[in-house]
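Contents: one structure, followed by commentary.
The values are calculated or read from the model by the stated rules, or taken from the named source; none is laboratory data. The model shown is predicted, which means the values in this text are computed figures rather than measured ones. Note that we place each Cβ from the backbone using ideal geometry, even for glycine, and neighbour counts take in every protein chain shown.
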């Protein structure tokens, strides 16, 4: 079964997945009860998570641009350099981690019961169909250096 699902690898842009996750959660929320948190508290938690997520994403994109290598998730084989410094010392996938924080922020703002399920679903999908294929490409390009990096830096956090 896994081989038949390979056609999904590197196909759906991660930003599109983020938007699908948030809009799906928002649509479902029209029919579900909310978390019942005080609005100010939910908004504060949402702002904190959004700030964390956007900061991680911006730091990652800045670092990739500074090193002049691709941020295009569809063509990891075009990477010209393995970046292991900055935010990438803490997580191998900072942009996707930032997206998870954005999903959590949106879920808290909507007070959606679904946000933990949506966040976990995003993590599972992006790991299988985006991160693992990216890691295969990076291992081909940077073999020993990438293998060492995976031992010292977690995939997520």
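Determine, yes or no, whether residue 53 is over 16 Å from the mean Cα position of the chain (by Cα), modelled with pLDDT of 95 or more and outside any loop (DSSP other than H, G, I, E, B). The answer is no for residue 53.
Screening the candidates 126, 117 for the property of being under 27 Å from residue 49 (Cβ atoms) and crowded, with 19+ Cβ neighbours inside 10 Å yields one hit, 126.
In the set (1) closer than 20 Å to residue 150 by Cα; (2) exposed (fewer than 13 other Cβ atoms within 10 Å of the Cβ); (3) touching a residue at least 60 places away in the same chain (Cβ under 8 Å), the condition left unmet by residue 76 is number (2). Per the listing 137, 60, the residue uniquely assigned to a helix (DSSP H, G or I) and either at pLDDT 95 or above or closer than 17 Å to residue 17 by Cβ (or both) is 60. Count of the range 91-104 residues, restricted to those that are in contact (Cβ under 8 Å) with a residue 60 or more places away in the chain and part of a helix (DSSP H, G or I), is 6.
Just one residue in the set 106, 60 is surrounded by 14 or more Cβ atoms within 10 Å (Cβ to Cβ), touching a helix residue (DSSP H, G or I) at 6+ places or on another chain (Cβ under 7 Å) and farther than 18 Å from residue 149 by Cβ; that residue is 106. If the condition is being touching a residue at least 24 places away in the same chain (Cβ under 8 Å) and either out of contact with any helix residue (DSSP H, G or I) (no Cβ under 6 Å at 6 or more places or on another chain) or in a loop (DSSP other than H, G, I, E, B) (or both), then the range 27-38 contributes 28, 32, 33, 34, 35, 36, 37. Against the conditions (1) part of a helix (DSSP H, G or I); (2) modelled with pLDDT under 95, residue 69 satisfies every one except (1).
Flag: residue 16 matches the condition of being loosely packed, with under 14 Cβ neighbours inside 10 Å, modelled with pLDDT of 95 or more and within 12 Å of the chain's Cα centre (by Cα).
Does residue 137 satisfy being surrounded by 15 or more Cβ atoms within 10 Å (Cβ to Cβ) and more than 23 Å from residue 58 (Cα to Cα)? In short, yes. Restricting 124, 141 to residues that are over 17 Å from residue 94 (Cβ atoms) and touching a residue at least 40 places away in the same chain (Cβ under 8 Å) narrows the list to 141.
The residue that is surrounded by the most Cβ atoms within 10 Å (Cβ to Cβ), counting only those in the range 63-73 that are closer than 20 Å to residue 14 by Cβ and without any contact (Cβ under 8 Å) to a residue 60 or more places away in the chain, is 64.
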